[in-house]
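Notes follow the structure.
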Amino acid sequence: MIHRPLAALSALGCSLLVGPSAFAQVQASCGPRSEIVKLLSDQYKENPVGIGLAQPGQVLEVFASQAGTWTMVMTMPDGKACLIAAGNNWEMVTKVKGDPA
């Protein structure tokens with residue numbers, strides 16, 4: 001198992017544990033969105049690469065770094081955000097117009 005500590009969030013009582021399987025196992029790692037975004041940027045050099053609406057009022061974001069680390073964050077309407085998955089080897093996929101793949 002790969003252990004990826006989130007030291008800056010430890011003050012909030014948060015930690016993140018990622019396994020090698022397709023499903024990341026994540027303990028409750030929540031806090032104010034602004035603090036989570038700052039941590040991902042400062043500590044992991046991760047920036048937003050995708051965003052979408054989930055359940056009504058919830059926003060799902062993917063943050064990734066050039067080093068290949070990535071984190072999925074779900075933000076609730078009240079501004080509370082939770083880390084829901086993280087891993088390595090992120091690759092941006094660009095669909096070429098007319099390419100069926």
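The values are calculated or read from the model by the stated rules, or taken from the named source; none is laboratory data. Just so it is clear, the structure is predicted and the values come from calculations on it, not from any experiment. Don't worry about glycine lacking a Cβ; one is built from the backbone with ideal geometry, like all the others, and counts go over all protein chains shown. Areas reflect the complete protein model, heavy atoms only, side chains present, ligands, DNA and RNA absent. Shrake-Rupley method; radii C 1.70, N 1.55, O 1.52, S 1.80 Å.
General remarks:
- Members of segment 25-50 that are of a type in the set (D, E) and in a loop (DSSP other than H, G, I, E, B): E46
- Counted residues, segment 54-94 - those being more than 20 Å from E35 (Cα to Cα) and polar (S, T, N, Q): 5
- All positions within segment 38-62 that are β-branched (V, I, T), closer than 12 Å to M74 by Cα and surrounded by 13 or more Cβ atoms within 10 Å (Cβ to Cβ): V59, V62
- Single residue of segment 63-83 satisfying the filter (touching a residue at least 12 places away in the same chain (Cβ under 8 Å) and surrounded by fewer than 16 Cβ atoms within 10 Å (Cβ to Cβ)) that is farthest from S41 (Cα to Cα): P77
- Test: residue in segment 22-31 that is of a type outside the set (S, T, Y) and at pLDDT 90 or above: yes
- Test: A86 is open to solvent by less than 20 Å² (accessible area, probe 1.4 Å) and in contact (Cβ under 8 Å) with a residue 60 or more places away in the chain: yes
- In segment 51-101, the residues that are in a strand (DSSP E or B) and basic (K, R): K80
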